[in-house]
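Reviewing the structure listed below.
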Amino acid sequence: MAKCKLLMQTAQTQKLIDFFDGYEDEKVKCRFVKKTGIKAEIECETELSPDEASAYCKGLFKKTPEGAVLYFSIQPDGFFG
C-alpha cells in the first residue's frame, strides 16, 4: 500500500480529525498528522490514487450526521498549489 497526504479544511476541523484519526477499512487506513487553523493533514495508506482516496474519504464523512450538514473539503496534497 502506498501513502498519500490528504488536506482537509473546515471551520470545525476537530470533527474531521476525530473521525479519520485511526480510521481503517478495506480501502484506506488514516492517521492524523497535524492541524493548522482550519486545516488538517491526514496520512492515508491505500491502493487508491490520491484523487480517488480523497473522494472516497469525502464520501465516508458525508455519510455521517456531521458530514451531512458540515461544509468541508478533502483534497490530495498539492491540490491547492
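Brief remarks on what is shown
- Phi-derived couplings, Karplus 6.51 cos²θ - 1.76 cosθ + 1.60 at θ = phi - 60°, listed residue by residue for the stretch 18-26: 4, 6, 8, 5, x, 5, 8, 9, 5 Hz, with x used for Gly and Pro.
- Mean separation of Cα contacts under 8 Å, 6 or more apart, over the residue count of the chain: relative contact order %: 39
- Computed from backbone phi, the HN-Hα couplings of the stretch 39-52 come to 10, 9, 10, 10, 8, 10, 9, 6, 8, 6, 5, x, 5, 5 Hz, rounded to whole numbers (Karplus: 6.51 cos²θ - 1.76 cosθ + 1.60, θ = phi - 60°; Gly and Pro given as x).
- Candidate aspartates and glutamates - alpha carbon under 13 Å from residue 3, same-chain residues fewer than 8 apart omitted: 41, 43, 45, 47, 51, 52, 77
- Cα point-scatterer Debye curve for the chain, base-10 log of I(q)/I(0) at q = 0.12, 0.17 Å⁻¹: -0.27, -0.57
- Summed side-chain charge close to residue 76 - residues other than residue 76 whose Cβ falls under 13 Å, Lys, Arg +1, Asp, Glu -1: -2
- Entry comment: accessible area of the chain is 60 Å² per residue, from protein heavy atoms only and a probe of 1.4 Å.
- Here the chain is assigned +1 on the Cβ of each Lys and Arg and -1 on the Cβ of each Asp and Glu. Its dipole about the Cα centre then comes out at about 300 debye.
The values are calculated or read from the model by the stated rules, or taken from the named source; none is laboratory data. Just so it is clear, the model here is predicted, and its values are computed rather than measured. All Cβ positions, glycine included, derive from the backbone under ideal geometry; neighbour counts span all protein chains shown. Only protein heavy atoms, including side chains, enter the accessible area calculation; ligands, DNA and RNA are left aside. Shrake-Rupley method; radii C 1.70, N 1.55, O 1.52, S 1.80 Å.
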